[in-house]
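A quick write-up on the structure given underneath.
The values are calculated or read from the model by the stated rules, or taken from the named source; none is laboratory data. Remember, it's a predicted structure, so these values are computed and weren't measured experimentally. Methodologically, a virtual Cβ is constructed for each residue, glycine included, from the backbone with ideal geometry; neighbour enumeration extends over all protein chains shown. Areas reflect the complete protein model, heavy atoms only, side chains present, ligands, DNA and RNA absent. Shrake-Rupley method; radii C 1.70, N 1.55, O 1.52, S 1.80 Å.
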Amino acid sequence: GLSERLQAVLGKLRGKGKVTEADVKAAMREVRLALLEADVNFKVVKEFIDRVRERAVGQEVLKSLTPGQQVIKVVNEELTRLMGGEQSKLTFSPSPPTVIMMVGLQGAGKTTTAGKLALHLKKQNRRPMLVAGDVYRPAAIRQLEVLGQQIDVPVFSLGDKESPVRIAEEGVKRAREEGCDTVLIDTAGRLHVDDAMMEELASIKESVNPREILLVVDAMTGQDAVNVAEQFHNRLGLTGVVLTKLDGDTRGGAALSVRAVTGCPIKFVGTGEKMNALEPFHPDRMASRILGMGDVLTLIEKAQAAVDEERARELERKMRTQQFTFDDFLEQLQQVRNMGPLDEILGMIPGLSQAKELKNLQVDEKQLSRVEAIIRSMTPQEKQHPEILNASRRRRIARGSGTSIQEVNRLIKQFENMKKMMKQLSTQGKGGKKKWRRG
Ligand code: GDP
Ligand code: MG
């Protein structure tokens, strides 16, 4: 995948004490290929590479103390910029209800995303209402009703005999009457962009004046997603994009190109079929994820949902100040088990997403138990000061945990890598520190 390719290219630079212009150029050639292969729009790739090269062969990098890391920092910053820089949030009407219209091709995930967004808004103490505006697809109305029931959000429908425009208008009226502050209008898609669909969507837009028009696109369709976005944007004036199915085997190109090509920000990403599989899109986090720096903030957010705020803050502080110990590591492992799919979570831990050793290890419960056993066989002093783990201590730990000396070595190596990555992350960027503080 894109991540692996970029990590491999940049990994070669990372360790270098000295980086020459030729090194940078060679690396950029490979980065360019990796992006093209990930289906990133070629114009976007060209501009991206030009910008990175310009900055990377400049004083900024070659004269710095750690040129290899500086190149990575530049790539990271430019990737973030490419995806819009700052997080782009939903906006709400000053006079409710706020109307949000979901548009997109058939199967992109409009109906599902409408439900997910409703749940997301509900968690923020808003009162959403779903409006069933797809009168063409058999069972589309029923699908929305089922989702609504599942998340306990009212669904407005007039069956499939009324026009979508009328349904939208009546839906907004009903929301106002019932004190719902946000109306999510699900609409019908086609297999391809066509005039009839655009006409209908334009009429709905005209009649209910939505605050947000969100295009839902399937990330798996790569470059096509970007073309579709362009066409919808030209016709309807989108306010944002939701990229779905990022949990699947995507090449990542759509995430990188959509904003650059259309000027439209990605506001959310869908990462699964369940109603809670929706995440606000953060360009900087996505860039770090692509570069394998781990998505610490997302991890911390998940951790916060799973443990109490206090502990998450403490963890964040430790990561920042390099005081992370094996005790913390163990605690994290246990929390991780309560948090969700393991590979996903481990991919977010800095260093771990990169540690080849870990990737090769099957991430399953059994392996985690072995890791746990190893850490539990350490003395309190060893856990707090891993640097004292010499050969005889490692042998003792292997025996005590019923594992092998190789496994113990590997774990210690991973832990060290992880600390290294944390150090890099926490000293990164101008606003480096700020990134770690929660708003
Ligand atoms: P619509 O035609 O645009 O309304 O699309 P639907 O909402 O009916 O979704 C089509 C299919 O995609 C359904 O099976 C959804 O469960 C699935 N889907 C939607 N979003 C996601 C996502 O983020 N990840 C995955 N894996 N599946 C999704
Ligand atoms: Mg639908």
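Quick notes on this structure:
- Whether a residue is hydroxyl-bearing (Ser, Thr, Tyr) and either more than 27 Å from the chain's Cα centre (by Cα) or within 13 Å of residue 103 (Cβ to Cβ) (or both) was assessed, and residue 163 passes this test.
- Residue list for the stretch 87-118, filter: within 25 Å of residue 224 (Cα to Cα), open to solvent by 20 Å² or more (accessible area, probe 1.4 Å) and more than 9 Å from ligand 1 (Cβ to nearest atom): 87, 88, 89, 90
Results for (1) modelled with pLDDT of 95 or more; (2) touching a strand residue (DSSP E or B) at 6+ places or on another chain (Cβ under 7 Å); (3) under 21 Å from residue 147 (Cα atoms), shown as yes or no for each residue.
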residue	(1), (2), (3)
191	no, no, no
200	yes, no, no
210	yes, yes, no
214	yes, yes, yes
227	no, no, no
233	yes, no, no
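- Number of the exception - residue 188 against (1) more than 21 Å from the chain's Cα centre (by Cα); (2) more than 16 Å from ligand 1 (Cβ to nearest atom); (3) hydrophobic (A, V, I, L, M, F, W, C): (2)
- Residue that is outside any helix (DSSP H, G or I), within 16 Å of ligand 2 (Cβ to nearest atom) and not charged (D, E, K, R), where the choices are 115, 107, 85, 171: 107
- Qualifying position, being touching an Asp or Glu at 6+ places or on another chain (Cβ under 6 Å) and at positive phi, among 179, 222, 237, 253: 222
- Residue list for the stretch 174-210, filter: more than 16 Å from ligand 2 (Cβ to nearest atom), outside any loop (DSSP other than H, G, I, E, B) and farther than 22 Å from residue 127 by Cβ: 195, 196, 198, 199, 202, 203, 205, 206, 207
- Residue check, residue 175 closer than 12 Å to residue 101 by Cα and surrounded by 15 or more Cβ atoms within 10 Å (Cβ to Cβ): no
- Residue 130 meets each of the listed conditions (1) crowded, with 21+ Cβ neighbours inside 10 Å; (2) modelled with pLDDT under 95 apart from (2).
- Of all residue pairs spaced 6 or more apart or on separate chains, those with beta-carbon atoms under 6 Å, a first member in the stretch 113-125 that is basic (Lys, Arg) and a second member that is open to solvent by 10 Å² or more (accessible area, probe 1.4 Å) are 116/275; 116/278.
- Among the conditions (1) open to solvent by less than 10 Å² (accessible area, probe 1.4 Å); (2) touching a helix residue (DSSP H, G or I) at 6+ places or on another chain (Cβ under 8 Å), the only one that residue 208 does not satisfy is (1).
- Of the listed requirements (1) in contact (Cβ under 8 Å) with a residue 24 or more places away in the chain; (2) among the β-branched types (Val, Ile, Thr); (3) more than 15 Å from residue 275 (Cα to Cα), residue 74 misses just one: (1).
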